[in-house]
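See below for the structure under consideration.
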Amino acid sequence: MPDTLARVPTPQMQAILERLMREDAGLPDPTTLPSAEGRALAERTNRRWNGDLPAMAEARDVGLAPGVAGRVLVPTNDEGEGAILFIHGGGWAFCSMQTHERAARLLAIEARAPVVTFDFRLAPEHPYPEGLEDCLAAWHSFGSIFPDRRLAMAGDSAGANLAVAAMLRLQTEWGRAPDTGLLFYGVYDDDFDSPSYRLHADGPGLTRAKMRRYWDWYQPVRARRSDPLVSPLKASDRALSALPPLYLNAAGIDPLRSDSERFHARLSSLGRRDSLRIFGGVVHGFMQMSNVLADALTATQEAGEAFRKVVNAE
C-alpha cells in the first residue's frame, strides 16, 4: 500500500488518537500490569466505544457450553438465511462480550443476520488451547441454535486467530464447518520482524511490546508456536485450501498488517479468491470505534456484504 496510508492517520483517526491521549493520560499500559488488573482496565477503557447501542429485535443471554456464556443478537432486519458466531479480540487475554457489544450489533445489522457473542477463558490463567476449546464448544452449540441457516465464524485480532484455528481444527474432528469466515485485522503468526512490525513497533495503539506480552501469555513456549492452531500461517497448503471462503481486512497503521497481507498472499498462491481490504490511515482495533470513525462503519458494511454474498449464493 502507499507509504502515506501506512504511516499517516486520516484526519478523523488523528482526532481520535488525540482524544485518547487526553482521556488516557496517566493510565498504565494494561499489558504491563498483572493480568487481572490489566483486564479490568481494558474493560473500563473500552466502555467509550459501546455507548448508543443499536436496537435489536432480540438480545438474550444464553449458556453455550459449561462455563461459556453467550449473547444472541437478532437485528430487526434479519433475513432468516444466515447467522454469525463472533469471537472477540483482546490479545487472548483481555476484552469480552461487553467490550465488543456495539461492533457485534452493527455487524448483525449489516449482515442482516443474528450474531452470537460469547466469553471464552482468557490467558495467561488459561493459555492455549483452553480459549480455543471454548470457541469450539461455542461453535457446536451455536450450530444447534441455527440448524437451518448458513453459518459464519468471525473474529477481530486475536479473535480472528481463534476463528481460523477453530476452522482448521474442525477439518479433523466432528462438527459442521463454517460456510464462510470474516476476519478483522487478525494475528496469524509470531513474526515480530515483519514489515509492519518494523514500521509500527511503537504504535500508535498496538505495539510490538504489547504483542510480545500477549503471545507470551497465550503460548509461552515459543517452540510450540509452530503449531498451525496457534500460528495459522504455518498451516499446510492442504489445510488452508480447505478453509471456507474468507473476507479479511487490516488496518494500515498496525503492527499486524503484514500478518493479513501474508495470510492473503498464501491463500492466493493456492488459487483461492479470498478478499482482503486494507483500510489506510487507521490503527489496529478501528472497528471498535464505530461511534466516531466512518471507516469502522464502512468496514462493517463490507463484512456484512461479504457474508450475504456467501449466504445468498446458489
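The values are calculated or read from the model by the stated rules, or taken from the named source; none is laboratory data. All figures in this text were calculated on a predicted structure; none of them were measured in a lab. Note: ideal-geometry Cβ built from the backbone for every residue, glycine included; neighbour counts use all protein chains shown.
Descriptive notes on the structure:
- The stretch 298-314, residues that are more than 11 Å from A152 (Cβ to Cβ) and in contact with a Leu (Cβ under 7 Å, 6 or more places away or on another chain): T300
- Scope the stretch 155-179; condition more than 21 Å from P127 (Cα to Cα) and buried (at least 24 other Cβ atoms within 10 Å of the Cβ); matching residues: P178
- None of Y214, Y197 is closer than 30 Å to R19 by Cβ and within 16 Å of the chain's Cα centre (by Cα) except Y214.
- Selection within the stretch 121-163 - part of a strand (DSSP E or B), more than 18 Å from P232 (Cα to Cα) and either free of Cβ contacts under 8 Å to residues at least 12 places away in the same chain or among the charged types (D, E, K, R) (or both): R150
- Out of A138, A163, one residue alone is closer than 23 Å to D274 by Cα and at pLDDT 95 or above. It is A163.
- Filtered residues of the stretch 23-34 (kept if touching a residue at least 60 places away in the same chain (Cβ under 8 Å) and within 28 Å of R105 (Cβ to Cβ)): P30, T31
- In the stretch 245-275, the residues that are among the aliphatic types (A, V, I, L, M), closer than 22 Å to K210 by Cβ and part of a loop (DSSP other than H, G, I, E, B): L256
- Criterion: touching a residue at least 24 places away in the same chain (Cβ under 8 Å) and either basic (K, R) or touching a strand residue (DSSP E or B) at 6+ places or on another chain (Cβ under 6 Å) (or both) - qualifying residue of R39, R60: R39
- When the residues of the stretch 276-314 are filtered to those that are part of a helix (DSSP H, G or I) and of a type in the set (K, R), the one that is nearest to G89 (Cα to Cα) is R308.
- Number of residues in the stretch 241-263 that are buried (at least 21 other Cβ atoms within 10 Å of the Cβ) and either modelled with pLDDT under 95 or not hydroxyl-bearing (S, T, Y) (or both): the value is 14.
- Listed conditions (1) touching a helix residue (DSSP H, G or I) at 6+ places or on another chain (Cβ under 9 Å); (2) over 20 Å from Y214 (Cβ atoms); (3) among the hydrophobic types (A, V, I, L, M, F, W, C) are all met by F146, apart from (1).
- Selected residue (criterion: surrounded by the most Cβ atoms within 10 Å (Cβ to Cβ)) from residues of the stretch 93-108 that are touching a strand residue (DSSP E or B) at 6+ places or on another chain (Cβ under 6 Å) and among the small types (G, A, S): A108
- Whichever residue in the stretch 72-92 is outside any loop (DSSP other than H, G, I, E, B) and surrounded by fewer than 22 Cβ atoms within 10 Å (Cβ to Cβ) and, among such residues, is farthest from the chain's Cα centre (by Cα): V74
- Scan of the stretch 11-28 for residues that are part of a helix (DSSP H, G or I) and hydrophobic (A, V, I, L, M, F, W, C), ordered by number: M13, A15, I16, L17, L20, M21
- Filtered residue count, the stretch 293-309, keeping only those that are over 24 Å from A15 (Cα atoms) and either of a type in the set (S, T, N, Q) or surrounded by 21 or more Cβ atoms within 10 Å (Cβ to Cβ) (or both): 4
- Against the criterion of being outside any loop (DSSP other than H, G, I, E, B), touching a residue at least 12 places away in the same chain (Cβ under 8 Å) and surrounded by fewer than 18 Cβ atoms within 10 Å (Cβ to Cβ), R198 does not qualify.
- The stretch 28-61, residues that are among the aliphatic types (A, V, I, L, M), out of contact with any Lys or Arg (no Cβ under 7 Å at 6 or more places or on another chain) and surrounded by 16 or more Cβ atoms within 10 Å (Cβ to Cβ): L41, A42
- Residue satisfying all of: in the stretch 1-14; among the hydrophobic types (A, V, I, L, M, F, W, C) and either at pLDDT below 90 or loosely packed, with under 13 Cβ neighbours inside 10 Å (or both); nearest to H284 (Cα to Cα) among these: A6
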